[in-house]
Amino acid sequence: MIVTVTPNPSLDRTAGLPGPIVRGQVHRFSGSTVVAAGKGVNISRGLHGAGVPTTAVVPAAGNDPLLVGLLADGVPTMGVPVSEPVRVNLTVTEPDGTTTKFNEPGAHLSPDELTAFEDAVLAAADTADWVVMAGSLPPGMPTDWYARMVPRIRAHGARIAVDTSDSPLVALASNLPESAPDLVKPNSVELAQLCGGDGNAMEAEAAAGSFGPVIGAARDLIGWGIAEVMVTLGGAGALLVHKDGAWHAVAEPVEVRSTVGAGDSSLAGLLLGRSLGLDDAGCLRTAVSWGSAAASLPGSTTPTIDLASSIEVTVRQLP
């Protein structure tokens with residue numbers, strides 16, 4: 001069982017434009033879709049579609065469109081009632097694949113609602129192999145919430161993955177090793193937030209075939225107590241690093257339609273590989289194929305296992 005925790009879920013509206021955005025002008029969308037989303041929700045949707053037992057834990061009222069959408073999609077969900085509605089995010093895509101996001105801050109949880117949400121997470125952890133905490137935090141939630149929850153969840157016996165950015169990620173790093181999860185999945189910019197340095201420069205070097213800076217930063221995290229690091233690098237693929245080695249994978253080129261949710265699909269693919277008992281190279285291959293497949297789809301659409309399996313991926317172990 002893989003439990004996902006999304007403190008700040010969303011209804012993701014994706015709208016396409018027939019041409020590039022021009023600031024200050026009126027634009028008419030060529031079409032739009034709405035999907036129940038959020039990083040952990042996206043991961044659970046992908047795992048559920050692949051036949052992996054999963055539950056998405058979210059703060060949302062029973063009649064909230066988020067839960068209605070998840071029920072319609074068949075995604076197993078544990079909703080914790082809150083008084084405010086789930087936020088709505090807008091993603092605008094251009095024909096060349098450029099994606100622009102406009103995100104609402106999210107629902108404020110009262111102290112009692114936050115306690116109920118934490119209790120639900122810990123209850124779900126009792127039967128979980130993995131607990132994945134993912135995404136931004138809503139207004140009013142402590143920025144070190146992920147760091148606080150890691151040791152509490154670990155006491156229930158589950159392995160823990162964290163995928164977040166900005167202040168919550170910095171707070172997680174500030175509380176290492178006590179807050180160290182078993183797995184983190186930063187992109188290059190988030191890796192720099194954790195370890196320092198220039199994330200864009202690290203990704204550019206990786207694209208040129210030099211992986212030393214990324215591997216060095218990942219090994220710093222391992223030295224601080226994190227067992228495993230998967231770094232997504234856009235078109236340069238991804239790296240998987242732990243104490244016993246490092247692997248790089250890159251997919252065949254795909255026509256990029258939207259990068260929204262591609263990182264979530266990568267993490268879903270890695271966890272799928274772990275659930276299937278694949279070796280490290282196989283897990284990374286699955287992660288990159290899922291991320292690339294997601295990038296070829298509009299909006300935050302989650303790829304099917306058949307689509308992901310059709311993506312050719314090259315994996316090699318690095319020194």
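The values are calculated or read from the model by the stated rules, or taken from the named source; none is laboratory data. Remember, predicted model here, so these are calculated numbers, not experimental data. Glycine gets a Cβ as well: all are built from the backbone with ideal geometry, and neighbour counts include every protein chain shown.
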Checklist (1) at pLDDT 95 or above; (2) under 19 Å from the mean Cα position of the chain (by Cα) applied to residue 279, failing item: (2)
Take the residues in the range 156-172 that are more than 17 Å from the chain's Cα centre (by Cα) and closer than 21 Å to residue 271 by Cα, then tell me which one is surrounded by the most Cβ atoms within 10 Å (Cβ to Cβ). 158
Might you let me know whether the range 188-201 holds any residue that is among the hydroxyl-bearing types (Ser, Thr, Tyr), closer than 25 Å to residue 249 by Cβ and surrounded by fewer than 19 Cβ atoms within 10 Å (Cβ to Cβ)? no
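Could you please find all residues in the range 90-107 being within 19 Å of the chain's Cα centre (by Cα) and closer than 23 Å to residue 3 by Cβ?
Initial filter on the range 90-107 (within 19 Å of the chain's Cα centre (by Cα)): 90-91, 99-106.
Within the range 90-107, just 106 meets the criteria.
How many residues are under 30 Å from residue 164 (Cα atoms) and surrounded by fewer than 21 Cβ atoms within 10 Å (Cβ to Cβ) when one looks only at the range 12-22?
Within the range 12-22, the subset under 30 Å from residue 164 (Cα atoms) is 12-17, 20-21.
From what's left, surrounded by fewer than 21 Cβ atoms within 10 Å (Cβ to Cβ): 13, 15-17, 20-21.
Adding up the residues that qualify gives 6.
Collect the residues in the range 150-176 that are over 22 Å from residue 189 (Cα atoms) and either without any contact (Cβ under 8 Å) to a residue 60 or more places away in the chain or among the β-branched types (Val, Ile, Thr) (or both), keeping them in residue-number order. Spell out how you get there, then give the answer.
Residues of the range 150-176 over 22 Å from residue 189 (Cα atoms): 150-159.
Of everything in the range 150-176, those that are over 22 Å from residue 189 (Cα atoms) and either without any contact (Cβ under 8 Å) to a residue 60 or more places away in the chain or among the β-branched types (Val, Ile, Thr) (or both) turn out to be 150, 151, 152, 153, 154, 155, 156, 157, 159.
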Looking only at the range 273-308, count how many residues are out of contact with any strand residue (DSSP E or B) (no Cβ under 9 Å at 6 or more places or on another chain) and surrounded by fewer than 24 Cβ atoms within 10 Å (Cβ to Cβ). 11
Considering only residues that are in contact with a strand residue (DSSP E or B) (Cβ under 6 Å, 6 or more places away or on another chain), over 13 Å from residue 11 (Cβ atoms) and outside any loop (DSSP other than H, G, I, E, B), which ones fall in the range 57-77? 57, 59, 77
For the range 293-318, how many residues meet the condition of being touching a residue at least 60 places away in the same chain (Cβ under 8 Å) and part of a loop (DSSP other than H, G, I, E, B)? 9
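Being charged (D, E, K, R), within 13 Å of residue 185 (Cβ to Cβ) and over 14 Å from the mean Cα position of the chain (by Cα) is the filter here; which residues of the range 222-266 pass it? It would help to see each step written out before you state the result.
The initial filter retains those residues of the range 222-266 that are charged (D, E, K, R), namely 228, 243-244, 252, 255, 257, 264.
Now narrow it down to the ones that are within 13 Å of residue 185 (Cβ to Cβ): 228, 264.
Answer for the range 222-266, where residues must be charged (D, E, K, R), within 13 Å of residue 185 (Cβ to Cβ) and over 14 Å from the mean Cα position of the chain (by Cα): just 228.
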Quick one: residue 266 ticks every box in (1) surrounded by fewer than 24 Cβ atoms within 10 Å (Cβ to Cβ); (2) among the polar types (S, T, N, Q); (3) closer than 20 Å to residue 159 by Cβ bar one, so which box is it? (1)
Between residues in the range 25-43 that are outside any helix (DSSP H, G or I) and residues that are among the hydroxyl-bearing types (Ser, Thr, Tyr) and modelled with pLDDT of 90 or more, which pairs lie under 6 Å by C-beta distance while being six or more apart or on different chains? 37/10; 38/6; 38/10
Residue 92 is checked against (1) closer than 29 Å to residue 272 by Cβ; (2) in a strand (DSSP E or B); (3) touching a Ser or Thr at 6+ places or on another chain (Cβ under 8 Å) and fails just one. What number does that condition carry? (1)
